[in-house]
Amino acid sequence: MALRSILLAVGPGDADRTEELARAVADIAAPTGAQVVLGHVFTDEEFDGVVSQLDYDPSGEIDPDEVAARHATVRDLTDAFDEAGVEYSVRGRIGAHGETIVDLANEVNADRVVVGGRKRSPTGKAVFGSTAQEVMLSAPCPVTFVRGG
């Protein structure tokens, strides 16, 4: 199966693992020439918080793609992809993390989804849920999990 499109799901907890995510995605995308879509999913509250930090005019239309592109974690990843010569685009979405990542994977016809996460105990997963687990079980394509240090 040829890889043409890789969705890198970026979320609020990924700031501490940008190097690992960038390296893992570049290792997959560079040899295949795949296009990377950086998908940053915000809940409504996260989006409102980021919009207020970025000094947007609240009375105007605010494009989630633009907000995602200005997010510090996404900028760190795009810098790494520029350096590695990996082609990418940025998409921003508002919704429940896991479900919206799966929807975005379908929308961009992703051949692979890459998600980051941290090690959790079984109890931690049951109590707090796991976006990565939901994506792994529901994605339309293979999923690569990158565990942060």
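The values are calculated or read from the model by the stated rules, or taken from the named source; none is laboratory data. Remember, it's a predicted structure, so these values are computed and weren't measured experimentally. In this analysis, Cβ positions are derived from the backbone assuming ideal geometry, glycine residues included, and neighbour counts consider all displayed protein chains. Side chains included, ligands, DNA and RNA excluded: accessible areas come from the protein's heavy atoms. Shrake-Rupley method; radii C 1.70, N 1.55, O 1.52, S 1.80 Å.
General observations
- Amide H contacts for Gly95 (H built 1.01 Å from N in the peptide plane; partners 5 or more residues away or on another chain; cut-off under 5 Å): Phe42, Thr43, Asp44.
- On the beta carbon distance between Asn106 and Leu137, with R0 = 25 Å, the FRET formula returns roughly 0.95.
- Label positions at Glu20 and Glu46, each projected 7 Å from the Cα along the C-beta direction, are separated by 1.7 nm.
- Binned Cα-Cα distance frequencies in the chain - 10 Å width, integer %: 11, 43, 35, 11, 0
- Region 9-35 residues near the modelled Gln53 label - backbone nitrogen below 17 Å, point 7 Å along Cα→Cβ: 10-19
- Using the 1.4 Å probe convention, the accessible area of the chain works out to 54 Å² per residue with neighbouring protein chains retained.
- Rounded percent of accessible protein surface that carbon and sulfur make up, region 52-120, 1.4 Å probe: 40 percent
- Rounded to whole Hz, the Karplus (6.51, -1.76, 1.60) HN-Hα couplings of region 4-15, x for glycine and proline: 10, 9, 10, 9, 9, 7, 10, x, x, x, 8, 4
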